[in-house]
Amino acid sequence: MQTMIVRRFRAGLTLLGIGVGACHHATTSSAPPDSRAISAHFPAHFPVDWRFKAGESGTVAPTAVVASNSALASAAGDEIMRGDGNAVDAAVATGFALAVTFPFAGNLGGGGYMVIRMADGRTAAVDYREIAPLAASRDMYLGPDGKMTDESVVGYRASGVPGAVAGMSAALARYGTKSLREVLQPAIRLADEGFVVDSVLFTSLDHSRDYLERFDGKTVFYPNGEPLQPGTRFRQPALARTLRLIAEQGQDAFYKGEVGDSLVAGMKRGGGIITKEDLARYKPEWRQPIASTYHGYKLFTMPPSSSGGVTITEALNILETFDSLPPFGSVGYTHALASAYQRAFIDRNSKLGDAAFVHVPLDKLTSKSYARELRKTILPGRASATPALERTITDGNHTTHYSVVDGAGNAVATTTTINNGYGSGVYLTGPGFFMNDEMDDFAAQPGKPNMFGLVQGEQNAIAPGKRMLSAMSPTIVLDPQGKLLLVVGAAGGPRIITATSQVILNVIQNHMTLADAMRAPRLHHQALPDTLRFEEHGLTPAVADSLKAMGWRLDPVRGSANVNAIMRAASGWVAVTEPRDRGPSRAVGH
Ligand code: DON
């Protein structure tokens, strides 16, 4: 069963460019980064066999733009900004539209995070992560033999209490200019009138057939026993009704009203544990973004309950201790990045959790002095084994990211998820959406790997009402002059952290254009498994051989995370959606 889930999961992710699992030198000078990142890009050089060519361009928009995993959802956000809405209005419109056009990632049945920076300098973060239901318990996913079952991934018991509707409503009320009713119109229209199914949705449903057909989505997504056919129109009347109820009654329709009743009844029929009380108690949390710096650039990113911001900050702080990083793609560069990620993930996996339940040493982990300590553990020319490092350092699919900027320079980075593709597989025919399987982001059995192979500790054990640790990393970067530079984030489990930070590094450290920064080969290290994953042909054979000789266990993989980013350009904005994604990702702006 577990194997089947993982196989199906990987197949779905591959479509979106999210695979699973020496003489190339010199893109850049090794000088510390400066604000030339915008005015003077250096030509990028990728290994000869690498799948992308350097020098491509992105979507240029003079005024405002949305980059998301669905052209229709980006257009929904753009429509709202053309009608004088700001970036927050557009982000919420895009989020609800994605719930219609991108069922792979939900998202009404899931949760997420939004980082906001207004042009007047205000910053904010909304945590609308799911929480464990009140009836959840620490060992609920252990079988009688003490081994983990697959119930945290698939079926009715895998879901946390959804936060998306509450989170998007809260962001809109505080920073938007339009009503929920107004920003919901494009999503309602898309659900009512339908949209044309493309081959990517068809193939993804085809791959997910044995996962989804066991639940009630069978009739909706496999009419006549076959996946929705490319070229046909897919209408979602139940979802349209849900969206209309939210437009009319606000979030109460979901948490205290008809939508919630229908959700609870649907979950109960299948043996789920989410109750009306769970829904009524759900609250999004306003948080201070983590504010950090990298060579004078300022980053605003997501604090716990996501691990994303802490881990990116810790890794970049370690890299900043190098006076000059070796050139992109070289042995030294790869060694430095992999070592930084390995250390940051050891802390992530053992020290982070929901701060309302466990103590999280946030100040220490994000401090420059701690990074200097960690730097001392990096041996020149030699990999360190994770278990030995753990003793030194420790004391004692599916998701979607969208980035938005408006004409005033307000910026929103949002990542939202129902965890893996189509969440728990459970589609509720009443309200018309998929439920998440976010409970698998907890350490269902501390010390044992979850679906992403993450080995996490007690800090992230299950408790009722607790938020499960996330890797989502919506991030906004300002240049040293304080001007908005980048809006970025990703889908892809723990690779969200490494991919998001590498796009940032490629821009500000390696002086790449955003198009090259997104196309550059990526690497990933999450402490355990103790392997350095790199994208096939993303390292030259000579660099790979040298790294092996240094003791790195190399694991070539196809695909990385799915990043959607926007960067300031001389002529306005340039937006780039994930080049590895064969789906309908697109930036739309004006
Ligand atoms: O919150 C997290 O870290 C995960 N639930 C994200 C899952 C994900 O990105 C899967 N998508 N590809």
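For the range 425-511, what number results from the quotient of the Cα radius of gyration and 2.2 N^0.38 Å? It would help to have the intermediate numbers written out before the result.
Details: Rg = 17.3 Å, N = 87, 2.2 N^0.38 = 12.0 Å.
For the range 425-511, the normalised Cα radius of gyration comes out at 1.44.
Could you order L379, L172, L142 so the one with the most accessible surface comes first? Probe is 1.4 Å. If you can, show how the numbers build up before the last one.
Details: L379 80, L172 10, L142 45 Å².
Ranked list, largest accessible area first: L379, L142, L172.
How many angstrom separate the Cα center of the range 163-229 from the Cα center of the range 353-382?
The two parts, judged by their Cα centres, are 39 Å apart.
So, in Å, what gap is there between the alpha-carbon centers of the range 112-155 and the range 443-520?
16 Å
For the ranges 547-558, 160-171, what's the packing order if you count other beta-carbon atoms within 10 Å of each residue, average per peptide, and put the highest first?
The packing order, highest mean first, is 160-171, 547-558.
Excluding ligands and nucleic acids, what accessible area in Å² is computed for Y156 using a 1.4 Å probe, to the nearest 10?
40 Å²
What are the principal axis extents of the Cα atoms in the range 179-247, in Å, biggest first?
Result for the range 179-247: principal-axis Cα extents of 40, 24, 17 Å.
What nm distance separates the two modelled labels at K53 and S199, each placed 7 Å from Cα along Cα→Cβ?
My value for the distance between the label points is 2.2 nm.
I need the fraction of alpha carbon pairs in the range 60-155 separated by more than 19 Å, rounded to a whole percent.
Details: 2621 of 4560 pairs.
For the range 60-155, the share of Cα pairs beyond 19 Å comes to 57 percent.
Quick one: with all protein chains in place, what share of the accessible area of the range 130-251 is carbon or sulfur, to the nearest percent (1.4 Å probe)?
Values: 2500 of 5130 Å².
The value for the range 130-251 is 49 percent carbon and sulfur by accessible area.
Obtain the nm distance between the two label points defined at D323 and T63 by a simple spin-label model: each point lies 7 Å from its Cα along the Cα-to-C-beta direction.
That separation, rounded to one decimal, is 5.0 nm.
Give the residues of the range 114-133 whose amide nitrogen is closer than 15 Å to a point set 7 Å from the Cα of T177 in the direction of its Cβ.
In the range 114-133, the label zone of T177 (backbone N under 15 Å from the point 7 Å along Cα→Cβ) covers 118-120.
Taking only protein heavy atoms into account and a 1.4 Å probe, give the accessible area per residue of the chain in Å². Walk me through the numbers on the way to the answer.
Details: 19120 Å² over 590 residues.
That works out to 32 Å² for each residue.
Extending each Cα 7 Å along its Cβ direction at K268 and T232, get the distance between those two points in nm, one decimal.
3.4 nm
Express the relative contact order of the range 447-525 as a whole percentage, based on alpha carbon pairs under 8 Å and six or more residues apart in sequence. Don't skip to the end; give the middle numbers.
Working: 77 pairs, mean separation 15.3, N = 79.
Computed over the range 447-525, the figure is 19 percent.
For the range 333-480, with all protein chains present and a 1.4 Å probe, just round the carbon and sulfur fraction of the accessible area to a whole percent.
Details: 2220 of 4040 Å².
The C+S portion of the solvent-accessible surface of the range 333-480 is 55 percent.
Cβ under 13 Å from A61's Cβ, A61 left aside: what net charge do those residues give with Lys, Arg +1 and Asp, Glu -1? Each step should come with its number before you reach the end.
Numbers: positive: R82, R568, R586; negative: D78, D406.
Charge balance near A61 sits at +1.
Where q = 0.08, 0.11 Å⁻¹, what log10 of I(q)/I(0) comes from the Debye formula for the chain, counting one point per Cα?
So the normalised log intensities are -0.47, -0.94.
For the range 278-410, what does the alpha-carbon gyration tensor say about shape, rounded, prolate or oblate, given a ≥ b ≥ c as the root eigenvalues, a/c under 1.5 as rounded, and a/b over b/c as prolate? If you can, show how the numbers build up before the last one.
Values: a/c = 2.07, a/b = 1.35, b/c = 1.53.
Oblate, since a/c reaches 1.5 and b/c is not below a/b.
In the range 380-427, how does Rg compare with the Kirkwood Rh, expressed as the Rg/Rh ratio over alpha carbon atoms?
Using Cα coordinates only, the ratio equals 1.33.
Classify the range 270-347 from the C-alpha gyration tensor, please: rounded if a/c falls under 1.5, else prolate or oblate depending on whether a/b exceeds b/c. Present the calculation step by step, with values, prior to reporting the outcome.
Values: a/c = 4.63, a/b = 2.25, b/c = 2.06.
Prolate.
Compare the Cα positions of L239, G176, A443 along the charge dipole of the chain (+1 at Cβ of Lys, Arg; -1 at Cβ of Asp, Glu; about the Cα centre) and return the one farthest towards the positive end.
A443
Using the beta-carbon distance between H590 and D192 and R0 = 35 Å, what value does 1/(1 + (r/R0)^6) give for FRET efficiency, to the nearest 0.05? Each step should come with its number before you reach the end.
Numbers: r = 25 Å, r/R0 = 0.72.
Given R0 = 35 Å and the Cβ-Cβ separation, E is 0.90.
Please state the shape class of the range 137-280: rounded when a/c is under 1.5, otherwise prolate if a/b exceeds b/c and oblate if not, all from the C-alpha gyration tensor.
Numbers: a/c = 2.16, a/b = 1.12, b/c = 1.93.
The shape class here is oblate.
Provide the gained length on full extension for the span D210 to T394, in nm with one decimal, where the gain is 0.36 nm per separating residue minus the Cα-Cα distance.
Roughly 62.1 nm would be gained on extension.
Using only Cα atoms, locate the centre of the range 541-590 and the centre of the range 314-344, then give the distance between them in Å, rounded to an integer.
Computed from Cα coordinates, the inter-centre distance equals 17 Å.
The values are calculated or read from the model by the stated rules, or taken from the named source; none is laboratory data. Keep in mind that what you see is a predicted model, and the values were worked out from it rather than measured. Positions of Cβ are generated from backbone atoms using ideal geometry, with glycine treated the same way; all protein chains shown enter the neighbour counts. Note: accessible area is taken over every heavy atom of the protein model, side chains too, but ligands, DNA and RNA are not part of it. Shrake-Rupley method; radii C 1.70, N 1.55, O 1.52, S 1.80 Å.
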